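Beneath this line is the structure, given in structure tokens, with notes to follow.
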Amino acid sequence: MAKLDYSSGYRILDSWVLASIAQLATYRFCDKFLTRKLDPTGRQYDQMTQAARSGKVNIVEGSARGSTSKETEMKLTDVARASLTELMSDYEDWLLRNDLVPWHTQSAEAQEVFDVWLDKPNYSTDWIHDSCVHLLAQKKKFDKWLLSEDSTAMANCMIILLRRAIRLLIKQIQSQVDNFEEKGGFREQLTQIRIESKTHKQNSPVCPNCGKTMVIRKVKSGKNEGKEFWGCTGYPECKGVVNIEKEKID
């Protein structure tokens, strides 16, 4: 498979495929089943389609932002998770509104959906075209339910697909957290480079509390306002300080 650039890495994620399927299917569900009688103001239509869009686009934006800030990537991925959770709740509400409950996970109906798995993508250098072909091929696997004339069958299928997407996003967030703790993102690495460069030029001491390098800071208020001191680069986790004369400040 051709190598994708960092900002397009989301195209190989199953979470993106499922979120995209959810968005397309939600448009159909709302167009077909949310009649003017059931949704006279169009508010539910807007809420469901916006939640579906938010689920997908925040995966996309998180991938694009991940090259500069892992922190932003994590936040956007979590927004995607929250949006899809909201959408899943809307489908549950649809069933409850009709005095129905979601299929039990061990039921034959649910197991039939669970047994459908996504294919692994295999893109050429034209990954925009190929990823859309892949997406539609994966969506077709669920057409039995997503093109159904029965709103309850479609709603139940959507709940299962959304649960799967949400689980994948939770795993992504944990992976992003682990990566952030180990390396940080581009922005965080630049910050560390600036700190290291500054401390090197200053010939700074090490923190007496944790052993990290220190940088010159100024007291912002109080009787010593404006006075310079050595502050630990691990602040706020570490509050170690040393005065310029190398004596520890109480």
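General observations
- For the range 70-85, backbone phi angles converted through the Karplus equation (6.51, -1.76, 1.60; θ = phi - 60°) give residue-by-residue couplings of 5, 4, 5, 4, 5, 5, 5, 5, 5, 5, 4, 4, 5, 5, 5, 5 Hz, Gly and Pro being listed as x.
- Ellipsoid equivalent to the range 43-174 - semi-axes via the Cα gyration tensor, in Å: 27, 19, 14
- Full extension of the chain segment joining Tyr235 with Lys32 gains 67.5 nm, where the gain is 0.36 nm per residue of separation less the Cα-Cα distance.
- The fraction of accessible area contributed by carbon and sulfur in the range 4-124 is 50 percent, rounded to a whole number (1.4 Å probe; ligands and nucleic acids excluded).
- The distance between label points at Asp99 and Cys210 comes to 6.1 nm (points 7 Å beyond Cα on the Cα→Cβ vector).
- Exposure ranking of Ile128, Ile160 by accessible area [1.4 Å probe, largest first]: Ile128, Ile160
- The range 109-166: C-alpha gyration tensor shape, a/c 1.5 cut-off, then a/b vs b/c: prolate
- Cross-link pairs Lys32/Lys171; Lys37/Lys171; Lys171/Lys218; Lys75/Lys120; Lys144/Lys171; Lys75/Lys218 - those with Cα-Cα distance over 30 Å: Lys32/Lys171; Lys37/Lys171; Lys171/Lys218; Lys75/Lys218
- Calculated over the range 1-114, the projected area of the Cα convex hull averaged across directions stands at 9.1 nm².
- Rounded to the nearest whole Hz, the Karplus-based 3J(HN,Hα) values (6.51 cos²θ - 1.76 cosθ + 1.60, θ = phi - 60°) of the range 142-154 follow the sequence 10, 4, 3, 9, 6, 10, 5, 7, 9, 5, 6, 5, 5, with x at glycine and proline.
- FRET efficiency, 1/(1 + (r/R0)^6) with R0 22 Å, evaluated for Ile170 and Gln50 via beta carbons: 0.50
- A 1.4 Å probe run over the protein chains yields, for the range 6-73, 45 Å² of accessible area per residue, whole-number rounding.
- Applying the Karplus relation 6.51 cos²θ - 1.76 cosθ + 1.60 with θ = phi - 60° to the range 40-51 yields 3J(HN,Hα) values of x, 8, x, 5, 5, 4, 4, 5, 5, 5, 5, 5 Hz, where x marks Gly and Pro.
- Farthest toward positive dipole pole in the range 120-169 [+1 Lys/Arg, -1 Asp/Glu at C-beta], among Ile159, Ala137, Ser124: Ile159
The values are calculated or read from the model by the stated rules, or taken from the named source; none is laboratory data. Note that the structure is predicted; figures quoted are calculated from it, not measured. We place every Cβ from the backbone using ideal geometry, glycine too, and count neighbours over all the protein chains shown. Ligands, DNA and RNA are excluded from the accessible area calculation, which covers all protein heavy atoms including side chains. Shrake-Rupley method; radii C 1.70, N 1.55, O 1.52, S 1.80 Å.
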